[in-house]
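Working notes, beginning with the structure itself.
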Number of protein chains: 2
Amino acid sequence: TLAAPAIAQSAPEVKWRCTSSFPKSLDTIYGAAEYVAKRVEAATDGKFQIRVFAAGEIVPGLQAVDAVQAGTVELCHTANYYYVGKDPTFAFDTAVPFGLNTRQQMAWMYQGGGMELMREFFKDYNCVNFPCGHTGAQMGGWFRKEIKTPADLNGLKMRIGGFAGQVLQKLGAVPQQIAGGDIYPALEKGTIDAAEWVGPYDDEKLGFQKVAQYYYYPGWWEGGAQLSMMANSTAWENLPKAYKQIFESACADGNNYMLARYDALNPTALRRLVANGAQLRPFPKEVLEACLKAANELYAETTAKNAKFKKVFDEWKKFREEEYLWFRVAEQTFDNFIFNAKV
Amino acid sequence: TLAAPAIAQSAPEVKWRCTSSFPKSLDTIYGAAEYVAKRVEAATDGKFQIRVFAAGEIVPGLQAVDAVQAGTVELCHTANYYYVGKDPTFAFDTAVPFGLNTRQQMAWMYQGGGMELMREFFKDYNCVNFPCGHTGAQMGGWFRKEIKTPADLNGLKMRIGGFAGQVLQKLGAVPQQIAGGDIYPALEKGTIDAAEWVGPYDDEKLGFQKVAQYYYYPGWWEGGAQLSMMANSTAWENLPKAYKQIFESACADGNNYMLARYDALNPTALRRLVANGAQLRPFPKEVLEACLKAANELYAETTAKNAKFKKVFDEWKKFREEEYLWFRVAEQTFDNFIFNAKV
């Protein structure tokens with residue numbers, strides 16, 4: 001065969017499939033993957049094409065990483081804490097109870113050693129991770145009864161997954177795994193007493209305030225939830241250098257895009273929810289403290305039996321301590337004054 | 001002449017010069033421009049090259065936008081509030097007193113209508129703006145004496161610029177414009193009583209704690225300071241579509257990079273400053289309230305006499321109100337609990 005000219009070799013046609021863990025109805029999250037795909041395509045004059053598929057079109061949402069690991073698809077867009085059943089270490093890539101807020105998670109990933117730790121961990125799954133999207137601090141969810149003391153969590157049947165469910169279990173709650181579309185009827189029938197989803201913009205679409213009026217905050221199990229693009233290692237290595245760079249910057253761009261969308265859309269959704277009957281309630285401090293104590297017990301148990309988890313946790317914990325120290329100063333005092341001031 | 005092949009036309013060699021408003025010693029800010037330049041170069045296989053020059057190498061730091069407007073350079077990296085002397089409307093692109101925090105500024109720019117408003121405004125300066133870098137909430141600066149009441153600001157000679165200086169003037173302070181390198185001797189000699197710079201990581205390099213030990217927070221005049229790339233409109237329009245896309249994503253990427261660097265570097269710098277004698281002090285609430293009142297007076301005066309400012313301010317103010325409403329809920333309660341918890 002004839003050698004292609006040098007310029008063509010450096011810009012080959014590449015087609016990737018990206019399986020999202022989310023339905024198209026979660027337009028902020030699903031949309032972040034499409035946003036990245038469009039930007040990569042535009043940046044390569046259409047030569048590097050990424051086609052995004054909603055959860056279930058190729059594989060179910062919770063098998064996205066498996067599909068990338070097996071090479072069924074080159075890419076997925078997911079929340080890695082979905083895979084804590086494989087290994088709880090996955091959760092550091094998204095959110096863990098009483099963890100980092102959004103800014104702090106970004107700082108950890110981009111400049112605090114988090115990316116290196118997670119990349120090393122994901123090697124075992126044949127994946128390379130790229131932060132791509134944030135929800136901000138989530139809400140604590142919808143409750144049919146008020147939560148006034150930690151004892152009110154005892155026996156509570158709540159739709160909540162992963163690590164957070166394990167923390168609540170220590171306080172007597174009964175965590176349930178229920179798909180998004182099934183939450184409303186379960187709350188309506190009383191099969192469950194409470195359910196967490198995301199935040200005002202996404203929650204509003206499912207109409208929870210009609211069947212569980214108490215809307216609690218904050219979602220202490222995800223003070224900032226990061227989404228990730230997960231590329232198959234071989235597919236990634238085969239990309240030309242320029243495409244790698246374009247993809248990386250598009251993911252960072254997608255990070256801001258998704259977060260900005262939530263931050264711009266949540267306020268008016270919250271106003272509408274309250275106008276339609278949602279009763280806003282902060283978790284009492286005593287409840288947060290009991291949950292923190294349970295979370296710390298879970299961390300101690302998990303680090304004792306899982307060396308990979310311990311390796312990430314120990315570094316992450318040091319970083320978290322430093323971040324809290326600094327954020328207490330300029331950032332927190334600015335926010336606390338201004339959010340409540342008469343401007 | 002012969003027509004170049006189509007593929008070569010779509011990837012022409014482009015060389016831009018970027019004049020930074022900052023010295024290389026501010027490695028986080030100056031470095032953000034270099035970071036973008038490197039990523040653009042890598043994404044185009046070296047075909048689109050941006051060479052970054054420190055302040056003073058081509059034009060002085062505070063004339064960066066003028067150089068872009070005149071077409072002397074294609075690009076600058078700057079803080080647009082430096083140009084409030086041309087028009088105070090410039091300040092919305094960076095920070096205004098008691099304005100948006102970092103997340104909220106990003107939400108306003110990317111999804112809240114801020115980008116459109118600022119692009120329209122910057123047309124008169126022959127510039128197209130791209131958010132590129134954040135410092136996070138800045139510190140309130142270094143004071144030789146404690147500030148206990150608003151009266152303590154009366155007669156205070158402080159190194160502080162732009163809009164913030166005008167607010168302090170209403171409380172009797174005497175704002176001074178002094179270049180970075182001249183602040184230390186001015187504080188040492190007592191020519192000035194106080195000076196604001198950035199935050200722990202940058203302030204530490206200048207050694208202020210040796211001559212003004214009280215380190216106040218927060219910097220209410222920049223609860224989040226955004227840096228921007230400003231491209232000459234004609235140079236921008238002449239870029240191939242793919243290069244435009246690559247540049248835009250690289251700037252968004254640079255936004256995260258710079259913010260993450262500050263968030264990762266500030267905590268240990270703050271620890272060292274305190275170990276070396278800095279006395280941390282929050283501005284008393286009474287002082288913040290007096291400054292907010294003065295800022296609101298200044299906004300009223302400025303909107304009354306400047307239609308461009310009023311146009312942006314009115315939209316921005318509505319957005320700010322909505323953001324504060326929402327951030328008071330999940331985000332603030334998560335932060336307030338966790339930053340002070342025993343983790």
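Charged side chains reduced to their Cβ positions (Lys and Arg at +1, Asp and Glu at -1) give segment A:226-308 a dipole of some 200 debye around its Cα centre. Structural size metrics of segment B:40-148, computed from C-alpha coordinates, are Rg and Dmax of 16.3, 57 Å. Based on the reciprocal of the average 1/r between different C-alpha atoms, the Kirkwood radius for segment B:203-343 equals 19.6 Å. For the options A:Phe92, A:Phe319, A:Phe130, a Gaussian network treatment of chain A with springs between C-alpha atoms closer than 10 Å singles out A:Phe319 as fluctuating the most.
What whole-number distance in Å separates the alpha-carbon centres of segment B:204-218 and segment B:98-156? The two parts, judged by their Cα centres, are 21 Å apart.
Taking other residues whose beta carbon is less than 12 angstrom from the beta carbon of A:Ile160, and scoring Lys, Arg as +1 and Asp, Glu as -1, yields -1.
Residues of segment B:212-239 buried by at least 40 Å² of accessible area upon assembly of all protein chains, compared with the chain on its own (1.4 Å probe): B:Tyr217, B:Pro218.
Using a probe radius of 1.4 angstrom, the carbon and sulfur fraction of the accessible surface of segment A:40-139 is 45%. For A:Leu171, the accessible surface of its heavy atoms amounts to roughly 40 Å² (probe 1.4 Å, protein chains only, rounded to the nearest 10).
In the protein assembly as shown, taking the dipole from charged Cβ atoms about the Cα centre, the farthest positive-side position among B:Ala304, A:Thr149, A:Phe163 is held by A:Thr149.
Taken residue by residue and averaged, Cβ atoms of other chains lying within 10 Å of the Cβ of A:137-146 number 2. In segment B:310-335, burial by the other protein chains removes 40 Å² or more of 1.4 Å probe accessible surface, compared with the chain on its own, from B:Glu322, B:Tyr324, B:Leu325, B:Trp326, B:Arg328, B:Val329, B:Ala330, B:Glu331, B:Gln332, B:Thr333, B:Phe334.
Its residue count N sets the reference 2.2 N^0.38 Å, and the alpha-carbon radius of gyration of segment B:69-117 equals 1.26 times that reference. Put simply, chains A and B cover up around 7100 Å² of each other's accessible surface, both sides summed, when a 1.4 Å probe is used. Mean separation of Cα pairs under 8 Å and 6 or more residues apart, divided by the residue count, gives segment A:203-294 a relative contact order of 64 percent. Beta bridges per DSSP, both residues in segment B:1-118: antiparallel share near 0 percent. Inverting the pair-averaged 1/r between distinct Cα atoms of chain A gives 21.1 Å as its Kirkwood hydrodynamic radius.
Among the aspartates and glutamates, which fall within straight-line cross-link reach of B:Lys310, defined as a Cα-Cα distance under 19 Å, with same-chain neighbours fewer than 8 residues apart omitted? Once the sequence-local aspartates and glutamates are set aside, what remains near B:Lys310 is B:Asp87, B:Asp93, B:Glu116, B:Glu120, B:Asp124, B:Glu297, B:Glu301, B:Glu321, B:Glu322. Here's the picture: charge each Lys and Arg Cβ at +1 and each Asp and Glu Cβ at -1 in segment B:241-284, and of B:Pro282, B:Tyr262, B:Phe247 the one pushed furthest to the positive end of that dipole is B:Pro282.
The mean sequence separation of alpha-carbon pairs under 8 Å and at least six residues apart, normalised by the residue count of segment B:36-186, gives a relative contact order of 14 percent. Partner lysines whose Cα lies under 24 Å from the Cα of A:Lys47, excluding those fewer than 8 positions away in the same chain, are identified as A:Lys15, A:Lys38, A:Lys241, A:Lys244, B:Lys15, B:Lys38, B:Lys47, B:Lys241, B:Lys244. Here the Gaussian network model covers chain A, with springs between Cα atoms less than 10 Å apart; of A:Trp108, A:Trp221, A:Trp142, A:Trp108 fluctuates the most. Once the gyration tensor of the Cα atoms in segment A:141-185 is diagonalised, the equivalent ellipsoid follows with semi-axes of 18, 14, 7 Å, ordered largest first. Top mean-square fluctuation among B:Glu248, B:Glu74, B:Glu13, Gaussian network model of chain B, C-alpha springs under 10 Å? Comparing B:Glu248, B:Glu74, B:Glu13 in the GNM, the peak value goes to B:Glu13. Output the 0 to 90 degree angle, nearest 10, between the alpha-carbon long axis of helix B:27-43 and the longest principal axis computed from the alpha carbons of chain B. Around 20 degrees separate the two axes. Computed from the C-alpha gyration tensor, the three semi-axes of the ellipsoid equivalent to segment A:168-221 are 18, 15, 10 Å, from longest to shortest. Distances between every pair of Cα atoms in the protein assembly as shown, grouped in 10 Å steps from 0 to the bin holding the largest one, split as 3, 15, 25, 26, 19, 10, 2, 0, 0 percent. For segment A:11-84, the alpha carbon convex hull comes to 85 Å³ per residue, rounded to a whole number. When only the Cβ of Lys, Arg, Asp and Glu is charged (+1, +1, -1, -1), the dipole of the protein assembly as shown relative to its Cα centre reaches about 540 debye. Scanning the protein assembly as shown for cysteines with no neighbouring cysteine C-beta under 4.7 angstrom from their C-beta gives A:Cys18, A:Cys76, A:Cys127, A:Cys291, B:Cys18, B:Cys76, B:Cys127, B:Cys291.
For the residue pairs A:Lys24/B:Lys318; A:Lys148/A:Lys170; A:Lys24/B:Lys317, the alpha carbons lie more than 21 Å apart in A:Lys24/B:Lys318; A:Lys24/B:Lys317.
Think of it as helices only: each DSSP H run of n ≥ 4 in the protein assembly as shown is worth -39500 (n - 2.57), and spread over all residues that comes to -15000 deg cm²/dmol at 222 nm. Solvent-accessible surface of segment B:146-210, taken per residue with a 1.4 Å probe and all protein chains present: 42 Å². In segment A:42-97, the alpha-carbon atoms span a convex hull of 111 Å³ per residue. For chain B, the relative contact order is 22 percent, taking Cα pairs closer than 8 Å that sit 6 or more residues apart in sequence and dividing their mean separation by the residue count. Backbone amide hydrogens, once placed in the peptide plane, bring A:Cys127 within less than 5 Å of A:Ser233, excluding anything fewer than 5 places away on its chain. All Cα-Cα separations within segment A:26-65 were binned at 5 Å from zero, giving a P(r) of 6, 24, 22, 23, 15, 9, 1, each value a whole percent of the pairs. The share of Cα pairs per 10 Å bin across segment B:87-225, counted from zero up to the longest distance, runs 12, 39, 31, 16, 3 percent.
Per residue, segment A:220-343 exposes 37 Å² of solvent-accessible protein surface, assessed with a 1.4 angstrom probe and all protein chains in place.
Calculated accessible area for segment B:46-112 comes out at 29 Å² per residue, all protein chains present (probe 1.4 Å; ligands, DNA, RNA ignored).
Taking the alpha carbon gyration tensor of segment A:298-343, multiplying each eigenvalue by 5 and rooting it gives semi-axes of 35, 11, 6 Å, largest first.
Size descriptors for segment B:152-262 (Cα atoms only): Rg and Dmax, in that order, 18.6, 56 Å.
Leaving out ligands, DNA and RNA, and with a 1.4 Å probe, what % of the accessible surface on segment B:223-343 is carbon or sulfur? Carbon and sulfur together cover 52 percent of it.
The values are calculated or read from the model by the stated rules, or taken from the named source; none is laboratory data. Predicted model only: the values in this text are computed from it and were never measured. No Cβ is skipped: glycine too gets one built from the backbone with ideal geometry, and neighbour counts run over all protein chains shown. We work out accessible area using only protein heavy atoms, side chains counted, and drop any ligands, DNA or RNA first. Shrake-Rupley method; radii C 1.70, N 1.55, O 1.52, S 1.80 Å.
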